[in-house]
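Quick notes on the structure that follows.
Bear in mind that the values in this text are calculations on the coordinates, not laboratory data. Model, not experiment: these values are computed from the prediction. In this analysis, Cβ positions are derived from the backbone assuming ideal geometry, glycine residues included, and neighbour counts consider all displayed protein chains.
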Amino acid sequence: MKTLIGIDIGATWIRIALSKPSGEIVSKTSFRTPRSGGRSTVAEAIVNEIRRSLSDYLPSVEAIGVGTIGPLDLSNGIVFNAANLPIRTFDVARPLMEELGKPVIMANDCTAAVWGEYVFGAGKNVENLVYVTISTGIGGGIIVDGNLLVGKSGNAHEIGHIVVDAGGKMTCGCGGRGHWEAYSSGANIPRLASILIEEWSLSSLEKKSRVYEAYASNSLSPELIYAEARDNDPLALRILSEVNKYNAAGFESIINAYDPELITVGGSIALNNPELVLEPIASYLKNAKGLLTQLPDIRRTELGGDVVLVGAIALAAMPPPNLLKRLKYLGEAVKHL
């Protein structure tokens, strides 16, 4: 049986799947993303895990797809200046090809995800599609008129760095100010919450909140804020109301920029808290005066937490021609895809 390997390189976890060409996943494994080391550390960890768990299948593997955090130097298969990982720059594609002897099709994780939606998911019959992840960071993948947007370096999709606050209250992990990711991502919601608590005049009820207690003890987390909001904690709900204003601004920008028919949304923050994330965004957009096009369908991805993994498999199964043109590291291997 011919098989494919999909790899999802995240800031916290690396996930690897073996699949049939149809996209059906046969087996999965995962491990923590290395937090220290050099440029080769991440690729070495992936190769070791594949050899450990999938060695019997390697002869049948036709190609490997990789969806990874960015930004990217796509032509050379490199991640550089990653905002949410201490190993900020590391090689991916070339060492995987050299060690495993298979062509490697690499893209940003959200670019992979939107391609997975297009090939195997909710976007099968959609020509204009956006995927948004709201998780540790915020990212997106875009297909316009059936064409995957890639960009000269593979970074045409960095929607988390849309400026949603011209005043620049928050600094993003990339160093920029006012970026969407700095306000609404899992990594930054506690920082925003702390600033808001310090700015606001709080009621006596809000000061009794578990969220306020966590702020006072420097132990705020997005999980706590969302959990308390589900229990109607007034301070948690007030904080998330602010977070969702920035989310809505980001969605309004991508709708105006790309005119999609469908936006699918993933990432742990959105998948675990749809009533506190997607519903407020949808409510805001229904009344938004700044939309210059029809409101698209917005829904959680049906691929759930596997969306990037399925996207990586889709890259290996049906590589987008315009993406292949960018992958100079493939060399002669591109002729066999």
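I need the trypsin sites (Lys or Arg not before Pro) found in the range 204-239, filtered to DSSP loop residues with at most 15 other beta carbons within 10 Å of theirs. Write out the running numbers ahead of the final one.
Numbers: sites: Lys207, Lys208, Arg210, Arg230, Arg238; in loops: Lys208.
Sites meeting the loop and neighbour criteria: Lys208.
So which of Lys28/Lys328; Lys102/Lys325; Lys169/Lys289; Lys245/Lys289; Lys169/Lys245 end up more than 21 Å apart, counting from Cα to Cα?
Values: Lys28/Lys328 29 Å; Lys102/Lys325 18 Å; Lys169/Lys289 25 Å; Lys245/Lys289 14 Å; Lys169/Lys245 14 Å.
Those over the limit are Lys28/Lys328; Lys169/Lys289.
How much net charge surrounds Ile64 when only the other residues with a Cβ under 14 Å from the Cβ of Ile64 are counted, with Lys and Arg +1 and Asp and Glu -1? Can you show the working numbers first?
Details: positive: Lys2, Arg15, Arg51, Arg94, Lys102; negative: Asp8, Glu49, Glu62, Glu98, Glu99.
Cβ neighbours under 14 Å give a net charge of 0.
Using only the Cα atoms of the chain, each taken as one equal point scatterer with no solvent, compute I(q) by the Debye sum, divide by I(0), and report log10 of the ratio at q = 0.07, 0.08 Å⁻¹.
-0.29, -0.38
Looking only at the range 313-328, which residues have a backbone nitrogen under 17 Å from a spot 7 Å from the Cα of Ala156 in the C-beta direction?
315, 319-328
Sticking with the crude label model, points 7 Å out along Cα→Cβ, report the distance from Glu98 to Val163 in nm, one decimal please.
4.1 nm
Among Val104, Val130, which comes first, second and so on when ranked by fewest other beta-carbon atoms within 10 Å? Each step should come with its number before you reach the end.
On the way: Val104 26, Val130 31.
Taking fewest neighbouring Cβ atoms as first place, the list is Val104, Val130.
Extension gain Asp145-Gln294, at 0.36 nm per residue separation less the Cα-Cα distance, in nm?
Numbers: separation 149, 0.36 × 149 = 53.64 nm, distance 1.61 nm.
The span from Asp145 to Gln294 would gain 52.0 nm if fully extended.
Counting other C-beta atoms within 10 Å, and keeping those with at most 15, which DSSP coil GluC sites (Glu not before Pro) do you find in the range 73-176?
Glu127
Dividing the alpha-carbon Rg of the range 124-215 by 2.2 N^0.38 Å yields what? Walk me through the intermediate numbers first.
On the way: Rg = 17.4 Å, N = 92, 2.2 N^0.38 = 12.3 Å.
After normalising by residue count via 2.2 N^0.38 Å, the value is 1.42.
Compute log10 of I(q)/I(0) for the range 124-302 with the Debye formula, placing one identical point scatterer on every Cα and leaving out solvent, at q = 0.09, 0.13, 0.15 Å⁻¹, to two decimals.
-0.32, -0.65, -0.85
Relative contact order for the chain: what is it in percent, counting Cα pairs under 8 Å that are at least 6 residues apart?
Working: 687 pairs, mean separation 73.4, N = 337.
Reported relative contact order: 22 percent.
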